[in-house]
Ligand code: PT1
């Protein structure tokens, strides 16, 4: 899964068309590079980030989804908290709802169930505004697995087919470096949930903290986490650097596919 940024660039005041056009070019490059799923988000959910209103989020995401869909059959994921954005995104051609809230918002489960598309349910402790203030667990791995188990059941109860559910431990969402490392090391345990597993670690501060490097120097660290995740059975990695990560994952696939004699 490749991450497409749709937030206006503060260094240029080119306006909406410029932003959509740049995002579309970015999407085309990822498609060329061999991406399977494009993740489109119109609201930042990074630690400390605030809210964006629905009209703004729709204006950032819907024209882009339509434009991508006009030229490609690539899978499109909508990263949103808002039922209205889910509905319009799916109408425009999105195949997957990526929910950092695991569809806990008012009406989200019902709307997703009605739309009939695949959903990604992610674990988060707290809210994006405050989640990094004092993340706290007795046993982070079992608590995250337990949460995801409960959200799978809630989704199935709401009418979402089990085959249409993906789960994600939510790296960096209410977790210290220690919590993130424990989760990364324990990813094989998530297989017990019985649904595909996705992770997003690319360029995150857990890599920055280990390396002491800013976001633009985290490529090799990011690739390393993708390789670890894939070796531990993760099905989908959410990344910024598609071509580079695909090379690394081809090596993992080759090793996993070799016949031991
Ligand atoms: C994710 C994810 C996401 N991450 C899913 N969706 C983000 N399913 C947005 C940092 O510590 O992992 N899974 N959508 C981006 N969020 C963050 C969180 C970005 C933490 C950066 C950090 O640097």
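The values are calculated or read from the model by the stated rules, or taken from the named source; none is laboratory data. Quantities reported herein were computed from a predicted structural model and do not represent experimental measurements. All Cβ positions, glycine included, derive from the backbone under ideal geometry; neighbour counts span all protein chains shown.
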Might you let me know whether the range 36-46 holds any residue that is at pLDDT 95 or above and surrounded by fewer than 15 Cβ atoms within 10 Å (Cβ to Cβ)? yes
Hey, any hits in the range 235-246 for a residue that's farther than 22 Å from residue 79 by Cβ and touching a residue at least 24 places away in the same chain (Cβ under 8 Å)? no
Scan the range 146-179 residue by residue and report those that are away from the ligand (no atom under 16 Å from the Cβ), more than 18 Å from residue 113 (Cβ to Cβ) and touching a helix residue (DSSP H, G or I) at 6+ places or on another chain (Cβ under 7 Å). 149
Go over the candidates 199, 239, 227, 234 one by one and state the one that is away from the ligand (no atom under 15 Å from the Cβ) and surrounded by 13 or more Cβ atoms within 10 Å (Cβ to Cβ). 227
Unmet criterion (only one of (1) away from the ligand (no atom under 12 Å from the Cβ); (2) crowded, with 22+ Cβ neighbours inside 10 Å; (3) in contact (Cβ under 8 Å) with a residue 60 or more places away in the chain) for residue 89: (3)
Note down all Cβ pairs under 6 Å where the first residue falls in the range 117-129 and is in contact (Cβ under 8 Å) with a residue 12 or more places away in the chain and more than 16 Å from residue 145 (Cα to Cα), the second is near the ligand (Cβ under 9 Å from one of its atoms) and part of a loop (DSSP other than H, G, I, E, B), and they're at least six residues apart or on different chains. 128/45; 128/49
Residue 25 vs (1) surrounded by 13 or more Cβ atoms within 10 Å (Cβ to Cβ); (2) more than 16 Å from the chain's Cα centre (by Cα); (3) closer than 27 Å to residue 249 by Cα: all pass except (1)
Within the range 42-64, track down each residue that is closer than 30 Å to residue 125 by Cβ and more than 16 Å from the ligand (Cβ to nearest atom). 53, 54, 55, 56, 58
